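Data block below; observations after.
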Amino acid sequence: MDRPTFLRSLPGSTALITLPPLELLGSAEQDRLAWTRDCHRIFVYDGFVRGFQFHEGAQVIARMKDHDELDLVREYANEHDPDAVAVYWQGHKLGYLAMGENRALANLIDHGMMLSAYVAYTAPELEPWEQCFVAVDLLVPVNDSFDAYMEHYLARADAGYKQHPHFGGELPG
């Protein structure tokens, strides 16, 4: 099943908050989401798809490519995890975002924020729980006041990202 067919088939009881192809939407919806064509992408998550071996991952991993788009579907009625977020590739269920790490993304989805999920890499030669690594960006509209806020924040000496070891900082503890 291709992505447009999958998106059209989603039941009304789930919440899909990854960006749908605009051509699937009516003109009013396309106008409302036009900002997503030119927006800031803020990295918010990466991790392995959990349950990959129990869903359709093994059947489709050979066709998956780095940077392929993914769909995140909120599963409110999931009996194991009240914050469950399922991961789909072209209509095939791959598994879930990790329980315990998914709460912030579930909260973003619940509040209607737009996310962009994609395959960071696949490694079919590894154990099933390490075969598919995904990443998620938060989409934020471009506007002068937000851009000014970000410029000011990034220049601050105490900006949070500067504390992260990846940027040369040290985490407390």
Pairing a residue in the range 98-118 that is among the acidic types (Asp, Glu) with any residue that is modelled with pLDDT under 90 and part of a strand (DSSP E or B), where Cβ atoms lie under 8 Å and the two sit 6 or more apart in sequence or on different chains, gives 110/15
It is to be established whether one or more residues within the range 15-26 are at pLDDT below 65 and among the β-branched types (Val, Ile, Thr).
yes
Do the conditions hold for residue 29, that is, is it over 28 Å from residue 151 (Cα atoms), surrounded by 12 or more Cβ atoms within 10 Å (Cβ to Cβ), at pLDDT 75 or above and among the acidic types (Asp, Glu)?
no
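The values are calculated or read from the model by the stated rules, or taken from the named source; none is laboratory data. None of these values were measured; they are calculated from a predicted model. So basically every Cβ, Gly included, is an ideal-geometry build from the backbone, and we count neighbours across all protein chains shown.
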